[in-house]
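Scroll down for the structure; my scribbles are underneath it.
The values are calculated or read from the model by the stated rules, or taken from the named source; none is laboratory data. Here the structure is a predicted model, which means the values were calculated and not measured. Ideal geometry is used to build each Cβ from the backbone, glycine not excepted, and the neighbour counts take in all protein chains shown. For the accessible areas, the whole protein counts, side chains as well, though only heavy atoms, and no ligand, DNA or RNA atoms are used. Shrake-Rupley method; radii C 1.70, N 1.55, O 1.52, S 1.80 Å.
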Amino acid sequence: MRVTCRLMSDAGDLDLKPGLYVTATPIGNLGDITYRAVAALRGADLILCEDTRRTAKLCNAYGIKTRREAYHEHNAERMRPEILQRLQDGARICLVSDAGTPLISDPGFKLVSQARGANITVTPIPGPSALTAALSASGAPPDHFYFGGFAPSKAKARRDTFAALSDLRATLAFFETPSRLRDCLCDLIDALGDREACIARELTKIHEAFSVGKLSELLRNLNEKELRGEIVLLVYPPEIREVSDEMIVALVSELLKTMSVRNAAAQTASQLGVARKRAYAIALALADEK
Ligand code: SAM
């Protein structure tokens, strides 16, 4: 404990150079902050926060007395020129979001890109992100992954988004809200087939939980508890096993005897783990031949 305290007070002595410091903060557990982040937050002239009250809690926990101002999607356009000017004048400014790494589905992109465009030094102070926390502990293949941020809230746009990703040989990662999780899982099954997936909830918090299984199982087992809290959804890559057109034709032909093109395609996609788009095209061609 004494070592921790000494390091934390050493951290406060960091001599910050002028520039913008993109600083990651905890995603739930207040202990998940780096010494360097505390030092930068203590040593800066200003902390730009999404929500000053949220960041106040963090600052109070670590004795950070630096002035805080709000920088969020509603005032960013107005604030940015002034912030850039302060940076040009030599200010040391930390940018934080409510939780995790700024810019990752959080404000800050235009500020960082315009600061770089103006030759202002931009320094990352890396740390937690719900994305990497979920990926690191879910068991989903991490070698190649695609981060889709929040999937679109409108059903058609969401389905189109998932359909466009159906052939990607990578783990798909999304931030999701509890109220949209059910619809999202249904659309994923439609677009990708019944792949393996993981719902990572409340990471680093008391009720942290990982649910792993087929998308259909996750959907079936969804309960009210899982519909609360913060969620990262990871969908495993398509199985490498190649499914030939002939295998799809055989199954679709059988199914078309008792069901519509749409349902035959959906069931084929789910059973063989192929994209619904591919099964649908074959089902449609077979139905047209009749
Ligand atoms: N920039 C943040 C980061 O790097 O983690 C993400 C900000 S984004 C606005 C917020 C979303 O991230 C939440 O809706 C949820 O999907 C995910 N998230 C944030 N904290 C989380 C946590 N502790 N557990 C699971 N997901 C989390």
query = Just how much of residue 214 is accessible, in Å², when a 1.4 Å probe is used and the result is rounded to the nearest 10?
reply = 60
ask   = Rounded to the nearest 0.05, what FRET efficiency do residue 204 and residue 179 have when you use their Cβ-Cβ distance and R0 = 22 Å?
value = 0.50
ask   = At what distance in nm do the modelled label points of residue 245 and residue 15 sit from each other, each positioned 7 Å from its Cα along Cα→Cβ?
value = 7.0
remark   = Karplus-derived 3J(HN,Hα) from phi for segment 139-144 (6.51 cos²θ - 1.76 cosθ + 1.60, θ = phi - 60°), whole Hz, x at Gly and Pro, runs x, 6, x, x, 4, 10
task = Between residue 254 and residue 164, take the C-beta separation as r, use R0 = 22 Å, and let me know the FRET efficiency to the nearest 0.05.
result = 0.15
task = Using a 1.4 Å probe and ignoring any ligands, DNA or RNA, find the accessible area of residue 258 and quote it in Å² to the nearest 10.
result = 120
ask   = Is there a pair in 154/277; 154/257; 214/277; 154/205 whose C-alpha atoms are over 22 Å apart, and which pairs would that be?
value = 154/257; 154/205
query = In whole Hz, what ³J(HN,Hα) sequence does segment 67-84 give by Karplus (6.51, -1.76, 1.60; θ = phi - 60°), x for Gly and Pro?
reply = 4, 10, 9, 7, 9, 9, 4, 7, 10, 4, 4, 6, 6, 4, x, 5, 5, 4
query = Rounded to the nearest 500, what is the chain's calculated 222 nm mean residue ellipticity when only DSSP H runs of at least 4 contribute -39500 (n - 2.57) each, over all residues?
reply = -13500 deg cm²/dmol
message = Taking amide H atoms as placed 1.01 Å from N in the peptide plane, list the residues 5 or more away in sequence, or in a different chain, whose amide H sits under 5 Å from that of residue 121.
response = 20
task = Please give, to one decimal in nm, the separation of the simple spin-label points placed at residue 74 and residue 119, each 7 Å out from Cα toward the Cβ.
result = 3.8
remark   = Cα extents of segment 145-267 along the principal axes, largest first, in whole Å, come to 50, 28, 25
task = Work out from phi, with θ = phi - 60° and the Karplus expression 6.51 cos²θ - 1.76 cosθ + 1.60, the ³J(HN,Hα) of each residue of segment 208-213, listed in order in whole Hz, and give x for Gly and Pro.
result = 3, 8, 10, 10, 10, x
ask   = Where the centroid of each part is defined by its Cα atoms, how far is segment 30-80 from segment 98-143 in Å?
value = 15
message = Assuming 0.36 nm per residue, please report the length gained on full extension of the stretch residue 290 to residue 186 beyond their Cα-Cα distance.
response = 34.4 nm
note = Cα-based Debye curve of the chain sampled at q = 0.17 Å⁻¹ gives log₁₀ I(q)/I(0) of -1.26
task = Grab the Cα-Cα distance for residue 156 and residue 30, subtract it from 0.36 nm times how many residues apart they are, and report the gain in nm with one decimal.
result = 41.5 nm
ask   = Taking only protein heavy atoms and a 1.4 Å probe, what accessible area per residue, in Å², does segment 110-204 have with all protein chains in place?
value = 45
ask   = Which percent, nearest 5, of DSSP beta bridges in segment 119-229 are antiparallel?
value = 60
note = Descending accessible area (1.4 Å probe), largest on the left, turns 176, 217, 246, 254 into 246, 254, 217, 176
ask   = Considering only protein heavy atoms and a 1.4 Å probe, what is the carbon-and-sulfur percentage of the accessible area of segment 113-241?
value = 53
